[in-house]
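The values are calculated or read from the model by the stated rules, or taken from the named source; none is laboratory data. Just so we're clear, the structure is a prediction, and the values are computed from it rather than from any experiment. Here Cβ is always computed from backbone atoms with ideal geometry, including for glycine, and neighbour counts include all displayed protein chains. The protein model used for the area step is the full one, side chains on, heavy atoms only, and it has no ligands, DNA or RNA in it. Shrake-Rupley method; radii C 1.70, N 1.55, O 1.52, S 1.80 Å.
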Amino acid sequence: MSQFKDIAENGIWKQNPGVVQLLGLCPTLAVTTTVVNGVSLGLATALVMAAANGAVSPVRKFVPNEIRLPVFILVIAALVTVIDLLIHGFAEPLHKVLGIFIPLIVVNCIVLGRVDAFAAKNPPLPAIWDGFIMGIGLTLVLGTLGGMRELLAKGTLFSGLDLALGDSFKHVVFTVIPDYQGFLLAALPPGAFLGLAFLIAAHNWMEQRKASKKSAAKPTNTESLKPAH
């Protein structure tokens, strides 16, 4: 259980793909115009990562080291094709919005990196958990960045929810700032860079604050040498 807990902590916070490892920046910056777009692509990536890790881990000892990367890419490509067809079949409007970024999951550094660095060296269950949690960590970043940009650009949250869940959710939009005129920069690519920079800075600040609290709580050498009264 400690291994699974460490994997969860690494994927969500310590080694988060979006704000720590800085992998997969192309979809991170391009798709996150809304919460729905960011979360949808993040969940698709999480499913692909979990399935890819689960498929590679059982056969890792049978794949020659010289051809491991082409084999891994073929496995990932097959899984991405399945996810792409499912989204196209059940959520075609969302498929049109996400566009080329669904097939591009095949060459996403996060997916191939976790397959090669973790799944190829660990049993199936930890490998599946690692892939899923890393994907969820990315989803949190994509959703947060999409929420920031959508709020600043439109003053709303969860617009376009019908793209993923159907026409019955067409009017489910949270207007946070009524009569908002919009902030165009947030919807443009520079807004994505600025938003991601803010998230990275916030993560680093919290890490530094945590480290300073730990160092302040530790007794100094002189204090540890004092005799007890």
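Annotations
- Area accessible to solvent at CYS109, 1.4 Å probe radius, in Å²: 80 Å²
- GNM flexibility winner over the chain from LYS61, LYS213, LYS121 (Cα, springs under 10 Å): LYS213
- With contacts taken as Cα pairs under 8 Å at a separation of at least 6 residues, the chain carries a relative contact order of 30 percent.
- Counting only Cβ charges, +1 for Lys and Arg and -1 for Asp and Glu, the dipole size of the stretch 38-167 around its Cα centre is about 380 debye.
- Between the alpha-carbon centres of the stretch 153-193 and the stretch 1-70 there is a gap of 27 Å.
- Sites ILE200 and GLU9 - FRET efficiency at Förster radius 22 Å, r taken between beta-carbons, to 0.05: 0.75
- Cα-Cα over 24 Å, subset of LYS14/LYS96; LYS5/LYS214; LYS154/LYS210: LYS14/LYS96; LYS154/LYS210
- Length released on extending from SER215 to ALA77, taking residue separation times 0.36 nm less the Cα-Cα span: 45.1 nm
- Within the chain, the ratio Rg/Rh, alpha carbon atoms throughout and Rh by Kirkwood, equals 1.08.
- Adding -39500 (n - 2.57) for every DSSP H run of four residues or longer, then dividing by how many residues the chain holds, sets the calculated 222 nm ellipticity at -21000 deg cm²/dmol.
- Label zone at GLN208 (point 7 Å along Cα-to-Cβ), backbone N below 18 Å, the stretch 121-140: none
- Placing unit charges on the Cβ atoms only, positive for Lys and Arg and negative for Asp and Glu, gives the chain a dipole magnitude near 820 debye about its Cα centre.
- Farthest toward the positive end of the dipole of the chain, out of PRO190, PHE132, ILE102, is the Cα of PHE132, where the dipole comes from beta carbon charges about the Cα centre.
- Of all aspartates and glutamates in the structure, the ones whose alpha carbon falls short of 17 Å from that of LYS121, not counting any fewer than 8 places away in one chain, are ASP6, GLU66, ASP130.
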